[in-house]
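The values are calculated or read from the model by the stated rules, or taken from the named source; none is laboratory data. Remember, it's a predicted structure, so these values are computed and weren't measured experimentally. Neighbour counts run over all protein chains shown; Cβ positions are idealised from the backbone, glycine included. Areas reflect the complete protein model, heavy atoms only, side chains present, ligands, DNA and RNA absent. Shrake-Rupley method; radii C 1.70, N 1.55, O 1.52, S 1.80 Å.
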Amino acid sequence: MEEQGYIEIRVTNRDNTLSPKDVDINEVKDFISDIETFLYPNRKEKRNRPHISYDIEEGSAKHKFFLPITAVILFNGLISEIKNRSNLDFLDYKRQSIIDKFQKRALREGYKIEFNNSLLNSPSLTIDESTSYVMIAPTYFESEFYIYGEIYQEGGKNPNLHISTNKYGNITVSATKEQIINGEKKTYKPYGIKVRGKKNLDDGTLTDLVLLQFVQYKPIFNKSLLDKVIDKASVNLSKITNVDTWLNDIKAEGI
């Protein structure tokens, strides 16, 4: 069994009166969710993460997470780098947003938040009303998208396809020669395509698109088929306890 360690988030208020019984369950839930996301930002990492246990202790309010030492090392490295750089620029968007939440919580509640772990004897990072760890607003995000329209050109020396859409206008998508020549000829036919690329947060334009797969586009509504799909999905959908979190984790747009 891998060596275990812990991560500790110690929260103190302005008059040092905070204790575990003062912490609302919603705040506990947020701390647990935030630490999990900071360590394992994407859906695949969360699905494969190791066992993590939690406790809240006296000493103001100490939120402790017990987990494998490799995760503690990762956490300590990231938190220490934030302290050394005094900014969040090097972090991915999700990790920036978590630290930004801690900063906003410190300002709103007058908290002093100390990040400790089993590797060190002193806090590796402190966030309070005097610090300013603010996330850098991204100009775009990377994701997967479903696009529907008419393919009007394929091929080229650097293989790509051009598709005319109502939502995005005419766009170009990089592809491989095999993707283009396999199957029936798709030019001048309505098609759906699943792509990976970037979406501009200001104007919604798509760039750097790469073809993942073609999707048969059948715009005729089939209620019988829809009912069957809903029945099939209902078993797993009923297991979703936090719909908002589940929706935020979905990586494809345009379905």
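Can you say whether GLU45 is among the acidic types (Asp, Glu), over 24 Å from ASN16 (Cα atoms) and surrounded by fewer than 17 Cβ atoms within 10 Å (Cβ to Cβ), as far as the supplied structure shows? Considered against the rule, which asks whether it is among the acidic types (Asp, Glu), over 24 Å from ASN16 (Cα atoms) and surrounded by fewer than 17 Cβ atoms within 10 Å (Cβ to Cβ), GLU45 comes out as yes. Of the residues making up segment 108-125, those that are open to solvent by less than 70 Å² (accessible area, probe 1.4 Å) and not in a loop (DSSP other than H, G, I, E, B) number 6. Being touching a Leu at 6+ places or on another chain (Cβ under 6 Å) and under 14 Å from ASN116 (Cβ atoms) is a condition met by no residue of segment 23-37. Could you please tell me which pairs satisfy a Cβ distance under 6 Å, a separation of 6+ or placement on different chains, a first residue in segment 97-109 that is closer than 13 Å to VAL11 by Cα, and a second residue that is open to solvent by less than 80 Å² (accessible area, probe 1.4 Å) and assigned to a helix (DSSP H, G or I)? That search, which allows pairs on different chains as well, returns nothing. Mind listing just one residue for me: the one in segment 1-36 that is part of a helix (DSSP H, G or I) and among the acidic types (Asp, Glu) and, of those, least open to solvent (accessible area, probe 1.4 Å)? For segment 1-36, the residue satisfying everything is ASP34. Residue check: is VAL210 at pLDDT 95 or above, of a type in the set (Val, Ile, Thr) and either out of contact with any strand residue (DSSP E or B) (no Cβ under 6 Å at 6 or more places or on another chain) or surrounded by fewer than 17 Cβ atoms within 10 Å (Cβ to Cβ) (or both)? Yes: the conditions hold for VAL210. Selection of segment 154-169 for residues being within 29 Å of the chain's Cα centre (by Cα), on the phi < 0 side of the Ramachandran plot and surrounded by fewer than 14 Cβ atoms within 10 Å (Cβ to Cβ) yields ASN166, LYS167. For segment 149-162, the criterion of being basic (Lys, Arg) and under 18 Å from LYS198 (Cβ atoms) is met by none of the residues.
Taken as a whole, the condition of being hydroxyl-bearing (Ser, Thr, Tyr) and without any contact (Cβ under 8 Å) to a residue 60 or more places away in the chain does not apply to THR12. Restricting LYS167, LYS198, LYS157 to residues that are basic (Lys, Arg) and within 22 Å of GLN96 (Cβ to Cβ) narrows the list to LYS198. Which residues, counting only those in segment 43-70, are hydrophobic (A, V, I, L, M, F, W, C), in contact (Cβ under 8 Å) with a residue 60 or more places away in the chain and not in a strand (DSSP E or B)? Of everything in segment 43-70, just one residue is hydrophobic (A, V, I, L, M, F, W, C), in contact (Cβ under 8 Å) with a residue 60 or more places away in the chain and not in a strand (DSSP E or B), namely ILE69.
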